[in-house]
1. Only residues that are of a type in the set (A, V, I, L, M, F, W, C) and either without any contact (Cβ under 8 Å) to a residue 40 or more places away in the chain or not in a loop (DSSP other than H, G, I, E, B) (or both): list them for the stretch 258-285, please.
2. Looking only at residues in the stretch 103-128 that are at pLDDT 95 or above, in contact with a Gly (Cβ under 8 Å, 6 or more places away or on another chain) and more than 23 Å from Gly226 (Cβ to Cβ), which one is surrounded by the fewest Cβ atoms within 10 Å (Cβ to Cβ)?
3. Within the stretch 286-316, how many residues are farther than 27 Å from Pro165 by Cβ and assigned to a helix (DSSP H, G or I)?
4. Taking the stretch 151-196, which residues are in contact with a strand residue (DSSP E or B) (Cβ under 9 Å, 6 or more places away or on another chain) and small (Gly, Ala, Ser)?
5. Can you tell me which residue within the stretch 141-166, out of those that are among the polar types (S, T, N, Q) and touching a helix residue (DSSP H, G or I) at 6+ places or on another chain (Cβ under 9 Å), is nearest to Arg106 (Cα to Cα)?
6. Taking the stretch 88-120 on its own, how many of its residues are among the small types (Gly, Ala, Ser) and more than 19 Å from Gln381 (Cα to Cα)?
7. For the stretch 40-67, give me each residue that is surrounded by 17 or more Cβ atoms within 10 Å (Cβ to Cβ) and at pLDDT below 95.
Amino acid sequence: MILRSTVLVTLITVAASIGGVSWAEESAIVTGSVVPDRDPFYAAPSDLGSHRDGKLISSREITAQMSAPVHAWQLAYRTNDSHGAPELAVATLLVPLTPWTGPGRRPAVSEQIPEDSTSTRCAPSYGIATGTLQSGKQIDEMLAENWAVLVPDFEGPKSAFLAGPQAGHAVLDGIRAAEQFEPAGIGPNADWALDGYSGGAAATGWAAELQPSYAPELKFVGAAIGGVPADLPAVIEYVDGGPFAGFIFGAMVGYNREFPDAHIDTMLNDHGRVSMAQADDMCVVELLTRFPFHRLAWNTIGADPLHDPRLVEVLRANSLGTTAPTMPIYNYHADSDEVVPVGQADELIAKWRRGGTRVVTARDPIGEHALEAGHRQPAAQAFLQHRFTDNGPATDVDMDRTVSR
């Protein structure tokens with residue numbers, strides 16, 4: 001009983017640290033306080049497909065529940081799902097009230113919060129507007145540097161957890177929309193950085209890989225990526241049957257929505273269909289506390305679902321490592337990470353380096369997934385600060401142990 005209680009506390013701590021939001025009371029209707037599923041601002045116009053990628057469709061000012069005083073707006077824009085179909089996405093743009101007095105223009109960062117959920121009530125835009133965002137410390141620290149911060153709802157209207165192309169498109173098109181939004185003063189051809197941890201690192205990695213082909217006109221100084229789930233078959237196998245098995249059920253729901261032709265639902269037995277129905281509207285804390293120590297095999301017809309071609313094909317299609325980013329990368333990970341295995345992150349960096357990406361790696365021999373985010377965030381931010389101010393060649397170095405090349 002003591003062990004189970006300890007595990008429950010750990011699950012909640014990890015979930016609160018790496019992302020997800022709960023829900024806000026809607027007794028007082030203020031801008032942004034209505035769950036996105038029921039908020040007309042999030043509804044796609046009938047002519048969405050006629051607009052170019054990243055076209056700003058609408059905007060509204062909100063009161064952001066952040067520690068720093070900021071101007072805050074929600075931007076709705078055209079993007080594409082994983083299949084190239086037009087989709088409306090929303091991002092929150094935060095600009096400090098303090099005027100920028102440094103050299104050049106104000107630095108701008110797209111911060112990918114690890115949403116890790118199957119419900120739009122867990123979307124970052126809703127969390128920022130209602131004060132229910134559980135992973136905002138890094139945003140506060142960037143705002144304290146007087147940077148502009150863009151926070152996209154990269155899972156999209158289907159809350160497609162770990163859908164890589166969907167996330168990458170939403171991130172890059174959100175930046176395009178922010179550059180069009182004149183009240184923020186960012187303007188075109190701005191210097192941008194990307195930042196993300198865990199599920200947010202996956203979205204950041206996809207944006208970095210897709211940028212040269214999908215949004216070559218955008219300018220990036222670099223990206224900070226930590227605790228990245230890059231090889232999804234390896235990650236899913238790592239957490240199956242353990243305390244963080246809830247991530248599998250969130251991914252299964254997301255993939256069934258984003259990739260219906262994969263027929264993930266046909267893998268399920270009766271118990272699995274009940275589990276998927278339960279996981280259909282959950283934030284990360286709920287997923288982790290509902291499904292700890294569950295095995296996917298308990299929920300499927302086949303005895304070896306982790307190697308079922310239907311699931312493996314989808315997982316591989318949403319894994320990183322196909323294209324090397326052209327922007328410099330800072331990558332950090334705890335060697336003892338209990339949620340995302342470090343080996344698959346090392347393999348990703350080796351692939352990127354072979355493709356020409358310049359990477360600074362940081363590896364902590366002892367650390368936990370949630371704690372690593374806070375431990376290395378100052379170094380990640382320092383890397384981005386350096387990239388904003390130094391136009392020279394990027395460094396390629398392993399700060400701690402050697403990472404395979």
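The values are calculated or read from the model by the stated rules, or taken from the named source; none is laboratory data. Note that the structure is predicted; figures quoted are calculated from it, not measured. For neighbour counting, all protein chains shown are included, and Cβ atoms are generated from backbone atoms with ideal geometry for every residue, glycine included.
1. The first filter runs over the stretch 258-285 and keeps only residues of a type in the set (A, V, I, L, M, F, W, C), leaving 259, 262, 264, 267-268, 274, 276-277, 279, 282-285.
Ala262, Ile264, Met267, Leu268, Val274, Met276, Ala277, Ala279, Val284, Val285, listed by residue number.
2. Arg106
3. Adding up the residues that qualify gives 4.
4. Answer for the stretch 151-196, where residues must be in contact with a strand residue (DSSP E or B) (Cβ under 9 Å, 6 or more places away or on another chain) and small (Gly, Ala, Ser): Gly156, Ala167, Ala170, Gly174, Ala177, Ala178, Ala184, Gly185, Ala190, Ala193, Gly196.
5. Step one: filter the stretch 141-166 for residues among the polar types (S, T, N, Q), giving 146, 159, 166.
With the extra rule that they be touching a helix residue (DSSP H, G or I) at 6+ places or on another chain (Cβ under 9 Å), the set shrinks to 159, 166.
Values: Ser159: 31, Gln166: 28 Å.
Selected residue: Gln166.
6. Initial filter on the stretch 88-120 (among the small types (Gly, Ala, Ser)): 89, 91, 102, 104, 108, 110, 117, 119.
Next, only the ones that are more than 19 Å from Gln381 (Cα to Cα) stay: 89, 91, 117, 119.
Total satisfying the criteria: 4.
7. Ala64, Met66, listed by residue number.
Listed here are the residues, each with its yes/no results for (1) touching a residue at least 12 places away in the same chain (Cβ under 8 Å); (2) of a type in the set (Val, Ile, Thr); (3) under 17 Å from Gly200 (Cβ atoms); (4) not in a helix (DSSP H, G or I).
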position: Thr323; (1), (2), (3), (4): yes, yes, no, yes
position: Glu347; (1), (2), (3), (4): yes, no, no, no
position: Gly356; (1), (2), (3), (4): yes, no, no, yes
position: Arg363; (1), (2), (3), (4): yes, no, no, yes
position: Glu372; (1), (2), (3), (4): yes, no, yes, no
position: Ala382; (1), (2), (3), (4): no, no, no, no
position: Phe388; (1), (2), (3), (4): yes, no, no, no
